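**Q** Structure incoming, see below.
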Amino acid sequence: MRVLRRMLKRYREAKKIDKHLYHELYMKVKGGVYKNKRVLMESIHKLKAEKVREKTLTDQFEARRAKSKASRERKIARREERLAQGVQEPAATEAAPAAKK
């Protein structure tokens, strides 16, 4: 157990794990979840890989959200532009026949 705690301390000082992951793993080591260093290291690598994967997924989701928001804003702007042009054109065509009479 001391060996595992020492390893966690070294990883934290080397910035390989953050303080939140350190605390979580420390409590698991205290509870006897990990039987040796190899199992603990595998767990650390697995947790870090999962964290990176989640971050990439959230980044992709945010990019997709921003892209759809931008396209939605462009669509609304085009619609408003067409409406503004459409309102001006019929007024001009209605005024011309009235002048002929």
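The values are calculated or read from the model by the stated rules, or taken from the named source; none is laboratory data. Worth saying up front: this structure is predicted, and the values here are computed from it rather than measured. Cβ sites come from the backbone with ideal geometry, for glycine too, and all protein chains shown count toward neighbours. Remember, those area values only see protein heavy atoms, side chains included, never the ligands or the DNA or RNA. Shrake-Rupley method; radii C 1.70, N 1.55, O 1.52, S 1.80 Å.
**Q** Return the total of residues in the stretch 52-87 being under 30 Å from residue 26 (Cβ atoms) and open to solvent by less than 100 Å² (accessible area, probe 1.4 Å).
**A** Within the stretch 52-87, residues that are under 30 Å from residue 26 (Cβ atoms) and open to solvent by less than 100 Å² (accessible area, probe 1.4 Å) number 6.
**Q** In the stretch 2-51, how many are of a type in the set (A, V, I, L, M, F, W, C) and exposed (fewer than 10 other Cβ atoms within 10 Å of the Cβ)?
**A** Of the residues in the stretch 2-51, 1 are of a type in the set (A, V, I, L, M, F, W, C) and exposed (fewer than 10 other Cβ atoms within 10 Å of the Cβ).
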